[in-house]
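Working notes for the structure below.
The values are calculated or read from the model by the stated rules, or taken from the named source; none is laboratory data. Just so it is clear, the model here is predicted, and its values are computed rather than measured. A quick note on method: Cβ atoms are made from the backbone with ideal geometry, for glycine too, and the neighbour counts reach across all protein chains shown. Accessible surface is based on the protein model in full, side chains and every heavy atom, while ligands, DNA and RNA are left aside. Shrake-Rupley method; radii C 1.70, N 1.55, O 1.52, S 1.80 Å.
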Amino acid sequence: MPTVHKAFKYKLDPTPEQERQLAWTLTRCRELYNAALQERRDAWKMRRVSIGYYEQKAELPGVKEVRPEYKDIQAQVLQDVILRLDRAFKKFFQGVKNGEKVGYPRFKNERRYHSFTYPQYGNGASTDNGFLVLSKIGRVKVIWSRPLEGTPKTVTIRHEADGWYVSFACANVPCVHLAPTGNEVGIDMGLQSFLTTSEGEHVENPRWFRATERKVRWHTKQVSRRKPGSKRRKKAVKDLAKVHQTVARQRLDYQHKAANKLITENDVIYHEDLEIRNMVKNHHLAKSISDAGWGQFLTILHHKAASASREVYAVPAQYTSQDCSRCGTRVPKSLSVRTHVCPHCGLVMDRDENSGCEIKRRGQRLRGVPGVPGAEPPFGERNRESPAF
Ligand SMILES: [Zn+2]
């Protein structure tokens, strides 16, 4: 039976003392992160020496000498902090190499450092009788909102606006078996609707985000009105974080539902190969794009498909809104024209539905599905033996 990697997240119900210890551990990890960053910066500035992961890891015993409280944190958790910094640097150097605009790794204040990780399940973190057992912290109550599946590999403890969470990254999670439906679908991801299928179904854009955004603005203003350091300011900051968390959850939930529906109803799904980065340059468009969070949606869709043995393909997306999905004739139209009217074959169809059909048609042609009508897709170096996806 095929398996996949998957993460399972649960809310924790720690005692006040455990909560204090979790917060204490998180703060120590953040301090270590900042200290390790400082060391790398200074070494480079003063001596033109670059310090790497293994050198810093080797220094951890020395840290425990001067700061004995670090002995109260599991060794691998501390190593993971060093590894996180190392990843931040690798990303930075890679970005510089690629000529991208990337920032130098930053010092983290408490608003930017939320989690610590036990990189090896069973070593400092495990489950026992429904409890999460953390070394040096104890047995923490877990709210098991769904079953944990597969083999846990890593355990991450995260602080969010409304409390503490645990996330298990698991391997060998069995695929869900879904009965074949015989259906294939193309999806157009648009601005008018969140997505439109080749079957003419519109999934609307989550408009609630706009409403929640007003709430975010209001709470942000509240924060700036309060005196820095005051109790009321702290409360306002907390409220703002909660609103942000709500938005993120609403969006995620919405996307999970939309992806589930597509996966349940279809064996194969085709979508545009979106180059969101290029589109984000236009300001108004950028807003709508980030609203809809297509990139995140596609990640969810691909993950779900993999765990249900369904297929998802990205199809080259040039001119999908202009080309006729029945005969392939290019029918230029501006963004405001909502209906596709083909002067060649007479097809009249909703603009986005036509795109969905065109995406499906291109995907099927690239996969060599027999009997797919229409002209060759308009991209050059395509090769029938090795499709572009
Ligand atoms: Zn046509």
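Among the residues examined, LEU22 qualifies as in a helix (DSSP H, G or I), on the phi < 0 side of the Ramachandran plot and surrounded by 18 or more Cβ atoms within 10 Å (Cβ to Cβ). Among the residues of the stretch 166-221, just one is among the basic types (Lys, Arg) and assigned to a loop (DSSP other than H, G, I, E, B), namely ARG207. Run HIS177 past the list (1) open to solvent by less than 20 Å² (accessible area, probe 1.4 Å); (2) modelled with pLDDT under 90; (3) more than 24 Å from the chain's Cα centre (by Cα) and report the number of the one that doesn't hold. Condition (1) is where HIS177 drops out. Taken over the stretch 117-134, the residue count meeting the criterion of being open to solvent by less than 40 Å² (accessible area, probe 1.4 Å) and touching a helix residue (DSSP H, G or I) at 6+ places or on another chain (Cβ under 9 Å) is 5. Among residues belonging to the stretch 341-357 that are of a type outside the set (A, V, I, L, M, F, W, C) and closer than 16 Å to SER193 by Cβ, point out the one that is nearest to the ligand (Cβ to nearest atom). Among residues in the stretch 341-357 that are of a type outside the set (A, V, I, L, M, F, W, C) and closer than 16 Å to SER193 by Cβ, the one nearest to the ligand (Cβ to nearest atom) is ASN354.
Listed here are the residues, each with its yes/no results for (1) within 27 Å of MET349 (Cβ to Cβ); (2) modelled with pLDDT under 90.
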{"site": "GLY200", "(1), (2)": "yes, no"}
{"site": "TRP208", "(1), (2)": "no, yes"}
{"site": "SER230", "(1), (2)": "no, no"}
{"site": "HIS244", "(1), (2)": "no, yes"}
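Hey, any hits in the stretch 194-204 for a residue that's outside the structural domain of SER145 (by TED's automatic domain parsing), of a type outside the set (Phe, Trp, Tyr), under 24 Å from TRP24 (Cα atoms) and surrounded by fewer than 17 Cβ atoms within 10 Å (Cβ to Cβ)? Within the stretch 194-204, none of the residues are outside the structural domain of SER145 (by TED's automatic domain parsing), of a type outside the set (Phe, Trp, Tyr), under 24 Å from TRP24 (Cα atoms) and surrounded by fewer than 17 Cβ atoms within 10 Å (Cβ to Cβ). The one condition from (1) open to solvent by 70 Å² or more (accessible area, probe 1.4 Å); (2) not in a loop (DSSP other than H, G, I, E, B) that VAL155 does not meet is (1). Considered as a group, the residues in the stretch 331-340 that are open to solvent by 50 Å² or more (accessible area, probe 1.4 Å) and within 16 Å of the ligand (Cβ to nearest atom) include one that is farthest from GLU201 (Cα to Cα), and that residue is PRO332.
For every residue, the table says whether it meets (1) exposed (fewer than 12 other Cβ atoms within 10 Å of the Cβ); (2) among the basic types (Lys, Arg); (3) in contact (Cβ under 8 Å) with a residue 12 or more places away in the chain.
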residue: ALA7; (1), (2), (3): no, no, yes
residue: THR27; (1), (2), (3): no, no, yes
residue: ARG30; (1), (2), (3): no, yes, yes
residue: ALA43; (1), (2), (3): no, no, no
residue: TYR54; (1), (2), (3): yes, no, no
residue: LYS57; (1), (2), (3): no, yes, yes
residue: GLN76; (1), (2), (3): no, no, yes
residue: GLN94; (1), (2), (3): yes, no, no
residue: SER115; (1), (2), (3): no, no, yes
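Close contacts from the stretch 321-334, counting a first residue that is assigned by TED's automatic domain parsing to the domain that holds ASP352 and a second that is within 13 Å of the ligand (Cβ to nearest atom) and of a type in the set (S, T, N, Q), with Cβ to Cβ under 7 Å and a gap of 6+ residues or different chains, come to SER325/ASN354; ARG330/GLN322; VAL331/GLN322; PRO332/GLN322; LYS333/GLN322. Among the residues making up the stretch 297-330, those that are modelled with pLDDT under 90, within 17 Å of VAL185 (Cα to Cα) and within 16 Å of the ligand (Cβ to nearest atom) are THR320, SER321. The residues in the stretch 32-41 that are crowded, with 18+ Cβ neighbours inside 10 Å and small (Gly, Ala, Ser) can be counted, and the count is 1.
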